[in-house]
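Shown next, in structure tokens, is the structure this report addresses.
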Amino acid sequence: MAVYAFSGIIMIFRDTDFLKSERIIEKTFATDIKIEDLGKAIKKRDLKIDKDENGILYFKGGTFDKKTGIATYTVKELPKLVEKLTHIHKASNKDPLFFLNIFFGLSLLFFVLTSFWMFLPGSEIFKKGMYFVLGGIVLTLIMILV
């Protein structure tokens, strides 16, 4: 659970440069590549050309030389270990171990549901627990609706 919590907190900052370091990449492509295809190849969504000067296309974070086909661009990456942890957190059914994520999610759901039987219904601590459950439901609805 600590790994899942840690990777979840890190993912909150995925749109920032928190813990990321820059790496310069240089790749060669066909000189007549379309801008859309270049954007897909270098994994930059909505690649927009800022200017075209002497056959060199400038875009945010890099350049593409139309004469040589060389694209030079900067990527910001998390450290390898942290990247692996966040990948576990956001795994899809295409990942080979996705069933472990399903098992973990079902285990958490099991813990949530069985916690209702930890205390006798009608006891003081059970009533307090129900207030926390109600507060959690209200807080979740606020987070979803706002």
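Where (i) 2, 7, 11, 12, 11, 12, 11, 9, 7, 5, 4, 3, 3, 2, 1, 0; (ii) 1, 8, 12, 15, 15, 14, 11, 10, 8, 4, 1, 0; (iii) 2, 10, 18, 21, 20, 13, 8, 4, 2, 1, 0 are the candidate values, the label of the one calculated here for P(r) over Cα pairs in 5 Å bins from 0, in percent is (i). Here is the result for the stretch 44-146: no GluC sites (Glu not before Pro) lie in DSSP coil with at most 15 other C-beta atoms within 10 angstrom of their C-beta.
Adding -39500 (n - 2.57) for every DSSP H run of four residues or longer, then dividing by how many residues the chain holds, sets the calculated 222 nm ellipticity at -14500 deg cm²/dmol.
Considering only the Cα atoms of the stretch 91-145, their convex hull presents on average a projected area of 5.1 nm². For trypsin sites (Lys or Arg not before Pro), the sites in the stretch 47-146 that DSSP calls loop and that have at most 16 other Cβ atoms within 10 Å are 48, 60, 66, 67, 90, 94. In this calculation the C-beta distance from residue 124 to residue 100 is compared with R0 = 35 Å, giving a FRET efficiency of 0.35. Among the listed pairs 20/84; 34/90; 20/60, a Cα-Cα separation exceeding 20 Å is found for 34/90. Find the centroid of the Cα atoms in the stretch 33-68 and in the stretch 82-123, then give the distance between the two in whole Å. The stretch 33-68 and the stretch 82-123 have Cα centres spaced 42 Å from each other.
With a Förster radius of 41 Å applied to the C-beta separation of residue 74 and residue 111, the computed FRET efficiency comes to 0.45.
FYI, it's all coordinate maths here, none of it is from the lab. Worth saying up front: this structure is predicted, and the values here are computed from it rather than measured. Here the Cβ is made from the backbone with ideal geometry for all residues, glycine too, and neighbour counts use every protein chain on show.
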